[in-house]
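Visitor: Dropping the structure in here first, questions after.
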Amino acid sequence: MLAERLDQLDTCICSLLKNIENMNIDDAVANTKQIEKLLEQCFASSYMSNTDVSRLESILNDFNNLVTKVAALKVETAKSLGTHLKTQKKLDIYKSIK
């Protein structure tokens, strides 16, 4: 049962990464809620084998990589928005001069 949940967790993390890269925010939020639910179920389990623990460590590493990618996307998006806003302000000033 725990192995099935770990498989689902791995699948959800991959899906979350794809949704974030494609800017599907609603689907990403749904993935996040599903991951939270699966994690709660995994840790509610009374017994974990060494294999289960190593799989959870692998999933944690994947999740940490995901968080790193999201942080990089956040910085990239902030720069892009900043550039767009600066350009828009310059255009507005130019239009007001005419």
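Where a number appears in this text, it was derived from the coordinates with a stated rule and is not lab data. Small disclaimer: the values here were computed from a predicted structure and weren't measured. Here the Cβ positions follow ideal geometry from the backbone for every residue, glycine too, while neighbour counts run over all protein chains shown.
Visitor: If you place +1 on the Cβ of every Lys and Arg, -1 on the Cβ of every Asp and Glu, and leave all else neutral, what size is the dipole of the stretch 1-93 about its Cα centre, to the nearest 20 Debye? Can you show the working numbers first?
Guide: Numbers: 11 positive and 13 negative charges, 132 e Å.
My answer is approximately 640 debye.
Visitor: Among 78, 54, 29, which residue has its Cα furthest toward the positive end of the charge dipole of the chain, with +1 on Lys/Arg Cβ and -1 on Asp/Glu Cβ?
Guide: Towards the positive end, the residue furthest out is 78.
Visitor: Another question, if that's okay. Which translational diffusion coefficient, to the nearest whole µm²/s, is obtained for the chain from the Stokes-Einstein equation, given a Kirkwood hydrodynamic radius over C-alpha pairs, 20 °C and 1.002 mPa s? If you can, show how the numbers build up before the last one.
Guide: Numbers: Rh = 16.0 Å.
The estimated diffusion coefficient comes to 134 µm²/s.
Visitor: Under a cut-off of 17 Å between alpha-carbon atoms, report the lysines in cross-link reach of residue 33, not counting same-chain residues fewer than 8 places apart.
Guide: Partners within reach: 18.
Visitor: I've got another one for you. Would you list which aspartates and glutamates come within 16 Å of residue 37, measuring only between C-alpha atoms, while excluding same-chain residues fewer than 8 positions from it?
Guide: Of all the aspartates and glutamates, those that pass the test against residue 37 - Cα under 16 Å, at least 8 places apart if same chain - are 4, 7, 10, 27.
Visitor: Ok, one more. Report, ordered by chain and residue number, the lysines lying within cross-link reach of residue 90, taken as a straight Cα distance under 23 Å and ignoring same-chain residues fewer than 8 apart.
Guide: Output for residue 90: 79, 98.
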